[in-house]
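Engineer: Below is the structure I would like to discuss, written out as structure tokens.
The values are calculated or read from the model by the stated rules, or taken from the named source; none is laboratory data. Being a predicted model, the structure only gives us computed values, none of them experimental. In this analysis, Cβ positions are derived from the backbone assuming ideal geometry, glycine residues included, and neighbour counts consider all displayed protein chains.
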């Protein structure tokens, strides 16, 4: 009976560990090195990811609004499509109006900035969500946002397009973590989405959220495929 009890304790403990590992989670990140408004490296979980070494990759960020339960892409560099009520002030209340110039592509770089063609933010003021899709699979996604003062959720986007569980962003609270880097009067706040299964991106549903940079750590297999693709391209050119 004693041996059976001991075995059951081991099994229950193992299952508890598996459950802990398999849950998507959001955690804060403050260890970022920025020089001349450019990210140099990010520290998380005892590992330092260096941009120049190719430790992190960028994706493609797009912004979306929802009208009558229909998710619609707001293409970069186009005007806000609604100029009359009830959507002239956006499809989500509680924040300022939609920002045509703060396009999704502004999150697809290493720059901490608030304005300009390459130095801006991806704002979802007044609209429903933004999402970033990467050309590789990853389990670790970094987001840096200006102010850390927007409520909402973050979800992983799986390879098949389905969404993971909605994880909570709390304005002026977890998981936003102050990096101490000032951006035009407000500090940059960082957080990390860690997924239980390899994902291809993340969706942020938090009107008012201003993302300066969204990046991911490629899975080893993804890095190998990307390297092979680069070699194939070089061979074609030679």
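Engineer: Just wondering, is there one or more residues in the range 81-91 that are touching a residue at least 60 places away in the same chain (Cβ under 8 Å), crowded, with 20+ Cβ neighbours inside 10 Å and either over 21 Å from the mean Cα position of the chain (by Cα) or on the phi < 0 side of the Ramachandran plot (or both)?
Structural biologist: Step one: filter the range 81-91 for residues touching a residue at least 60 places away in the same chain (Cβ under 8 Å), giving 90.
Then keep just the ones that are crowded, with 20+ Cβ neighbours inside 10 Å; that gives 90.
Filter once more, so that each one left must be either over 21 Å from the mean Cα position of the chain (by Cα) or on the phi < 0 side of the Ramachandran plot (or both): 90.
Yes, some residue in the range 81-91 is touching a residue at least 60 places away in the same chain (Cβ under 8 Å), crowded, with 20+ Cβ neighbours inside 10 Å and either over 21 Å from the mean Cα position of the chain (by Cα) or on the phi < 0 side of the Ramachandran plot (or both).
Engineer: Among (1) more than 25 Å from residue 38 (Cα to Cα); (2) modelled with pLDDT under 95; (3) surrounded by 11 or more Cβ atoms within 10 Å (Cβ to Cβ), which single condition is residue 235 missing?
Structural biologist: So residue 235 meets the others, but not (3).
Engineer: Working only within the range 113-133, note down all residues that are on the phi < 0 side of the Ramachandran plot, in a loop (DSSP other than H, G, I, E, B), out of contact with any helix residue (DSSP H, G or I) (no Cβ under 7 Å at 6 or more places or on another chain) and modelled with pLDDT of 95 or more.
Structural biologist: Once the filter is applied, which keeps residues that are on the phi < 0 side of the Ramachandran plot, in a loop (DSSP other than H, G, I, E, B), out of contact with any helix residue (DSSP H, G or I) (no Cβ under 7 Å at 6 or more places or on another chain) and modelled with pLDDT of 95 or more, the range 113-133 yields 124, 125, 127, 128.
Engineer: Do the conditions hold for residue 137, that is, is it in contact with a strand residue (DSSP E or B) (Cβ under 6 Å, 6 or more places away or on another chain) and crowded, with 19+ Cβ neighbours inside 10 Å?
Structural biologist: Details: in contact with a strand residue (DSSP E or B) (Cβ under 6 Å, 6 or more places away or on another chain): yes; crowded, with 19+ Cβ neighbours inside 10 Å: yes.
It is true that residue 137 is in contact with a strand residue (DSSP E or B) (Cβ under 6 Å, 6 or more places away or on another chain) and crowded, with 19+ Cβ neighbours inside 10 Å.
Engineer: Is it the case, given these coordinates, that residue 24 is at pLDDT 95 or above and buried (at least 18 other Cβ atoms within 10 Å of the Cβ)?
Structural biologist: Judged against the criteria, residue 24 is a match.
Engineer: Quick one: which residue in 214, 192 is in contact (Cβ under 8 Å) with a residue 40 or more places away in the chain, under 16 Å from residue 30 (Cβ atoms) and within 14 Å of the chain's Cα centre (by Cα)? Full working, then the answer.
Structural biologist: Working: 214 fails: under 16 Å from residue 30 (Cβ atoms).
Just a single option satisfies the conditions, and that option is 192.
Engineer: So, one more: Can you pull out the residues in the range 43-73 that are farther than 20 Å from residue 122 by Cα and either touching a strand residue (DSSP E or B) at 6+ places or on another chain (Cβ under 7 Å) or surrounded by 18 or more Cβ atoms within 10 Å (Cβ to Cβ) (or both)?
Structural biologist: If the condition is that a residue be farther than 20 Å from residue 122 by Cα and either touching a strand residue (DSSP E or B) at 6+ places or on another chain (Cβ under 7 Å) or surrounded by 18 or more Cβ atoms within 10 Å (Cβ to Cβ) (or both), then 43, 44, 48, 49, 50, 51, 55 are the ones that fit.
Engineer: Sort out which residues of the range 129-170 are free of Cβ contacts under 8 Å to residues at least 24 places away in the same chain and within 23 Å of residue 43 (Cα to Cα), and write them in order of number.
Structural biologist: Correct list: 170 only.
Engineer: For the range 164-176, give me the residue count where each residue is surrounded by fewer than 18 Cβ atoms within 10 Å (Cβ to Cβ) and in contact with a strand residue (DSSP E or B) (Cβ under 8 Å, 6 or more places away or on another chain).
Structural biologist: Counting residues in the range 164-176 that are surrounded by fewer than 18 Cβ atoms within 10 Å (Cβ to Cβ) and in contact with a strand residue (DSSP E or B) (Cβ under 8 Å, 6 or more places away or on another chain) gives 4.
Engineer: Just one of the numbered conditions (1) crowded, with 19+ Cβ neighbours inside 10 Å; (2) farther than 22 Å from residue 175 by Cβ; (3) in contact (Cβ under 8 Å) with a residue 24 or more places away in the chain; (4) in contact with a helix residue (DSSP H, G or I) (Cβ under 8 Å, 6 or more places away or on another chain) is not true of residue 76; which one?
Structural biologist: Status for residue 76: all satisfied but (1).
Engineer: Here's another thing I want to ask about it. For the range 140-159, which residues satisfy the criterion of being surrounded by fewer than 24 Cβ atoms within 10 Å (Cβ to Cβ) and within 17 Å of residue 71 (Cβ to Cβ)?
Structural biologist: Across the range 140-159, the qualifying residues are 152, 153, 155, 157, 158.
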